[in-house]
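To keep things clear, I will list the structure first and then write my remarks on it.
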Protein chains: 2
Amino acid sequence: MNVNFNNRDPVYLQIVRYFKEKIAIGELEPGEEIPSRRELANQMKVNPNTAQRAYKEMEEQGLIYTEKNHPSKITTDQNILGQVRNELLVEAVDVFVTSVRSINVPVEELLDLVRVKYTANDDKEA
Amino acid sequence: MNVNFNNRDPVYLQIVRYFKEKIAIGELEPGEEIPSRRELANQMKVNPNTAQRAYKEMEEQGLIYTEKNHPSKITTDQNILGQVRNELLVEAVDVFVTSVRSINVPVEELLDLVRVKYTANDDKEA
DNA sequence: ATAGGTGTATTATATGATTAATACACAATA
DNA sequence: TATTGTGTATTAATCATATAATACACCTAT
């Protein structure tokens with residue numbers, strides 16, 4: 001469980017993001033139990049309250065659910081789970097396009113840049 | 001001079017960004033005078049110190065230069081000016097690819113999403 | 001029953017970044 | 001010369017975030 005926190009975004013949101021990524025790629029399955037607040041705080045070297053805040057956020061978004069005295073679990077709602085990947089994607093594309101539109105770049109140049117950068121490290125994973 | 005500030009990023013950096021965009025698309029030319037700190041602060045409804053900090057940042061990056069008792073001017077260094085567009089582009093692509101890589105998206109799906117989103121509002125500008 | 005593990009809630013403190021409030025030196029000009 | 005407009009510097013205040021310190025209710029298993 002290695003997360004690279006940046007200093008800009010709130011840690012608790014980065015934790016939420018971390019779980020969303022795991023969900024998006026199917027590494028976390030419906031109903032699967034996740035670490036308790038205190039345990040996660042230990043693993044991530046973070047204050048328990050920060051972990052709690054992250055989980056609270058996830059609970060409000062319907063990503064996890066909690067039964068009395070048990071660590072939270074990933075939701076079984078396929079509807080929500082299915083949307084996570086798309087949400088992350090759309091959001092990223094949105095931010096990107098917005099930030100780049102003000103520069104008036106030809107589409108093809110833009111797509112080339114993305115393709116090159118994105119496929120640059122394919123040898124590592126292949 | 002309408003800038004839409006977001007709440008996440010420091011205002012002074014958003015101002016720097018604003019000028020970089022203008023430079024990137026050639027709307028600000030070499031040697032061109034830009035508003036004084038106080039004037040900019042007025043226009044953007046921002047504290048003069050925030051304007052000052054933005055200008056200081058730009059000065060350190062070599063984007064502008066300042067002569068005694070005169071408003072700063074855009075650098076005439078074509079080298080620096082030429083890099084601005086590329087810097088903005090590369091940075092945006094970098095952030096995008098990084099944020100999206102953890103989701104394992106096929107390249108073509110990704111490029112399609114970008115293309116669609118990017119060309120969506122072409123009718124507005126055409 | 002008691003010790004330890006859950007989640008949850010409240011309050012206080014620390015910290016760092018950002019913004020704000022002032023003040024200063026200088027030059028031009030009315 | 002006195003006012004106004006430059007850039008610059010220093011210090012204070014603000015704000016969001018993160019952390020910390022506790023406390024509580026609940027359950028399980030020793």
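Key figures
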{"item": "Residue count, region A:67-91 (criterion: acidic (Asp, Glu) and under 17 Å from A:Val16 (Cα atoms))", "result": "2"}
{"item": "Helices (runs of 4 or more DSSP H) (entirely within region B:41-126) containing at least 3 residues that are over 21 Å from the mean Cα position of the chain (by Cα) and modelled with pLDDT of 95 or more", "result": "B:107-119"}
{"item": "Some residue of region A:60-73 being within 14 Å of chain B (Cβ to nearest Cβ), more than 19 Å from A:Val11 (Cα to Cα) and either touching a Phe, Trp or Tyr at 6+ places or on another chain (Cβ under 9 Å) or free of Cβ contacts under 8 Å to residues at least 40 places away in the same chain (or both)", "result": "no"}
{"item": "Test: residue in region B:1-11 that is more than 16 Å from DNA strand C (Cβ to nearest atom), more than 30 Å from A:Arg85 (Cβ to Cβ) and more than 10 Å from chain A (Cβ to nearest Cβ)", "result": "yes"}
{"item": "Inter-residue pairs, beta-carbon under 7 Å, first facing chain B (nearest Cβ under 7 Å) and in region A:90-106, second among the aromatic types (Phe, Trp, Tyr), 6+ apart", "result": "A:Ala92/B:Phe96; A:Phe96/B:Phe96; A:Val97/B:Tyr118"}
{"item": "Of all residues in region B:31-65 being within 7 Å of DNA strand D (Cβ to nearest atom) and surrounded by fewer than 15 Cβ atoms within 10 Å (Cβ to Cβ), the one that is nearest to B:Phe19 (Cα to Cα)", "result": "B:Glu59"}
{"item": "Residue count, region B:12-39 (criterion: in contact with a Pro (Cβ under 8 Å, 6 or more places away or on another chain) and within 16 Å of DNA strand C (Cβ to nearest atom))", "result": "5"}
{"item": "Complete set of residues in region A:1-25 that are touching a residue at least 24 places away in the same chain (Cβ under 8 Å) and aromatic (Phe, Trp, Tyr)", "result": "A:Tyr12, A:Phe19"}
{"item": "Top-ranked residue of region A:12-21 - restricted to ones that are modelled with pLDDT of 95 or more and of a type outside the set (A, V, I, L, M), ranked as farthest from A:Pro48 (Cα to Cα)", "result": "A:Glu21"}
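The values are calculated or read from the model by the stated rules, or taken from the named source; none is laboratory data. Bear in mind the structure is a predicted one, so any value in this text is a computation, not a measurement. For neighbour counting, all protein chains shown are included, and Cβ atoms are generated from backbone atoms with ideal geometry for every residue, glycine included.
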